[in-house]
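Report on the following structure.
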Amino acid sequence: MISDENQVEIMFDAKYDDRINVNDYNFLYHLTSNDKIEKIKKNGLVPYTRSKVSMHPERIYFSTSLKFQDIIFNKFKLFQPNKSLFTIIISTVLIPDKIQFYKDPNFKDNGIYTYVNIPPSTIVEITKIDE
């Protein structure tokens, strides 16, 4: 007989996540640290995987609502406690049609990602988050 304390939970990521239409949202929100702001203003958002929880191809993650930034902020602060954080707001109207987005299965209906660079021309606002 196996007791509850000996049970193991195994989770598998899907090979292909569901594609979504970003035109269902007016804006997308990306959290980043102060040391990346100037580079983002110049080059836009570029897929990056270092310091992620899961191993997968490089991605750029977004929240679909500003109200979920608190959840992301608290997790981000665990990994980078000494950095100031900023919310980058992207207008979905300015995103080129060829860029595909996918649901983030680890953030349910509130997170999405892409594998493609997001040009700086799509950025409508960069706001420092007050702690």
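The values are calculated or read from the model by the stated rules, or taken from the named source; none is laboratory data. Quantities reported herein were computed from a predicted structural model and do not represent experimental measurements.
Return the residue satisfying two criteria in turn: it lies in region 54-103 and is aliphatic (A, V, I, L, M), outside any helix (DSSP H, G or I) and modelled with pLDDT of 90 or more, and of such residues it is nearest to residue 23 (Cα to Cα). My answer is 95. Is it fair to say residue 42 is more than 13 Å from the chain's Cα centre (by Cα) and modelled with pLDDT under 95? For residue 42, the condition - more than 13 Å from the chain's Cα centre (by Cα) and modelled with pLDDT under 95 - is not met.
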